[in-house]
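The values are calculated or read from the model by the stated rules, or taken from the named source; none is laboratory data. Since the model is a prediction, treat every value here as computed from it, not as a measurement. Methodologically, a virtual Cβ is constructed for each residue, glycine included, from the backbone with ideal geometry; neighbour enumeration extends over all protein chains shown.
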């Protein structure tokens, strides 16, 4: 179930109607009510016609700070001031109000997918309390849009040498581990792709959005998931996320490592 809050009631009605064919959306009348709805919702949609310098922007930032792993989608008017302001608002997705009818539901799906990835990265980071560089690398790779395709890209973003990252990875996992740093990037790419897959959308189109060749995605799916790409849908993202995290936590902490427990958003996404 989604919760929708808007600074003007007609906006809330439009947002709720845009997702009605896919999921129940509950309109709420205040920020306080939005907070109260959190335990029973899997994603929050906030519609603010005007963003920059408003009380709504301040409340949105506060909401984000207190609920960093709750999927949050912002819908706002498309104008120069708002386009500038959204650069500094940490939400999963931004949808222009003029495009809400066709763009909101895909944004909700992508936002949930991104939160699942953050949960994976956070668990891996917790397993590496003494290695701040590798922890930062994992979190950055998880959040990168589009997903990173090489260790060189990751090293450049962190202002270090790729050999340094490889060395930290080998120290963390051991020389005998079959998992490579490249495997982490490939997992994140696959999870991004699967989470963004919409019915009727071709893998070729999605691969173009992610700046990767469809054949590359296909090889990654076969190698990591043991599945053909055409058989995967967004509904597979939770099971793939669990598999990804189990592999890396086992490698980092040993066979006794506890698997990822699905969150509210994870469970709902798989339903």
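Computed values, structure above
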item: Residues (part of a loop (DSSP other than H, G, I, E, B) and closer than 16 Å to residue 187 by Cβ) located in the range 148-163; result: 148, 149, 150
item: Some residue of the range 105-120 being over 20 Å from residue 190 (Cβ atoms), modelled with pLDDT of 90 or more and out of contact with any helix residue (DSSP H, G or I) (no Cβ under 8 Å at 6 or more places or on another chain); result: no
item: Looking only at the range 148-157, and only at residues there that are without any contact (Cβ under 8 Å) to a residue 40 or more places away in the chain and within 20 Å of the chain's Cα centre (by Cα), the one that is surrounded by the fewest Cβ atoms within 10 Å (Cβ to Cβ); result: 150
item: Top-ranked residue of the range 220-235 - restricted to ones that are in contact with a helix residue (DSSP H, G or I) (Cβ under 9 Å, 6 or more places away or on another chain) and without any contact (Cβ under 8 Å) to a residue 12 or more places away in the chain, ranked as nearest to residue 183 (Cα to Cα); result: 222
item: Single condition residue 81 does not satisfy, out of (1) over 18 Å from the mean Cα position of the chain (by Cα); (2) surrounded by 14 or more Cβ atoms within 10 Å (Cβ to Cβ); (3) in contact (Cβ under 8 Å) with a residue 24 or more places away in the chain; result: (2)
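Here is a yes/no grid of residues against (1) surrounded by 13 or more Cβ atoms within 10 Å (Cβ to Cβ); (2) on the phi > 0 side of the Ramachandran plot:
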residue: 146; (1), (2): no, no
residue: 159; (1), (2): no, yes
residue: 168; (1), (2): yes, no
residue: 180; (1), (2): yes, no
